Amino acid sequence: MLVRLQIVGDDGTVVADDEILHLSKQTDRLEALGLSLDEAKRMLRITQKHLLAAHSGDYTARHRACSACGQVRRSKGMTTIRFRTLFGTVGLPSRRLHHCRCHPDAGRSFSPLARLLTQHAAPELLFLEAKWASLVSYGVTADLLTDVLPVAATTNPIVAHRAAA
């Protein structure tokens, strides 16, 4: 079995076509039928990585030109923004851009993606962390989220410490 993610642009062209999960399983055992939790977590983590890369790349490309005069801004370089989601932490390439000459007092450079990602954690992750932490201890919450979602062991210090032990 092969699961693919195809991202199609507004004009119908295929922007990306990637293999997300390849399964080669014997189906003569009950526990091998369907997706295992580990396989589902891996599929979600990889899908999230590809979708975030496509979304952030599209957002950055749309904000490359100056909104006032339309001139394409010069690039100052790239950095990586780490973004925590329900399906794992993803490193997103973030282009730094020089301001256009029509904004002489706006500062030296900026990152459009940093303007979008005002927090480095997805709202859904923060919501579930807060909800479960209000019901049970933080450690139990971290264990629960790690058991059912592909969150990274580095998401919080308790899980990272337990994984190292």
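Every number here is computed from the coordinates shown, using simple stated rules; none is lab data. If you're wondering where the values come from, they're calculated on a predicted model, not measured in any experiment. We place every Cβ from the backbone using ideal geometry, glycine too, and count neighbours over all the protein chains shown.
Summed over qualifying helices (DSSP H, 4 residues or more, each -39500 (n - 2.57)) and divided by its residue number, the chain shows a 222 nm mean residue ellipticity of -12000 deg cm²/dmol. Counting only residues at least eight positions apart within a chain, or on another chain, the aspartates and glutamates with an alpha carbon under 12 Å from that of residue 25 are 39.
Taking Cβ atoms as reference points and 10 Å as the exclusive limit, the residues near residue 111 contribute a net charge of +4, counting Lys and Arg as +1 and Asp and Glu as -1.
The angle between the Cα long axis of helix 138-148 and the main principal axis of the chain comes to about 80°, on a 0 to 90 degree scale.
In the chain, the longest principal axis of the Cα atoms and the axis of helix 123-135 are about 40 degrees apart. Multiplying the residue separation of residue 109 and residue 130 by 0.36 nm and subtracting their alpha-carbon distance yields 4.1 nm. In the set [x] 24.0; [y] 8.8; [z] 14.1, the label that goes with mean projected area of the Cα convex hull in nm² computed for this structure is [z]. Most tightly packed first, judged by the mean number of other beta-carbon atoms within 10 Å of their residues, the peptides 76-86, 20-30 read 76-86, 20-30.
Using C-alpha pairs below 8 Å separated by at least 6 residues, the relative contact order for the stretch 1-101 is 18 percent.
Where does the charge balance sit around residue 85 when Lys and Arg score +1, Asp and Glu -1, over other residues with C-beta under 14 Å from its C-beta?
The answer is +3.
Between residue 99 and residue 59, the C-beta separation translates, for a Förster distance of 22 Å, into a calculated FRET efficiency of about 0.75. In the chain, the longest principal axis of the Cα atoms and the axis of helix 37-62 are about 10 degrees apart.
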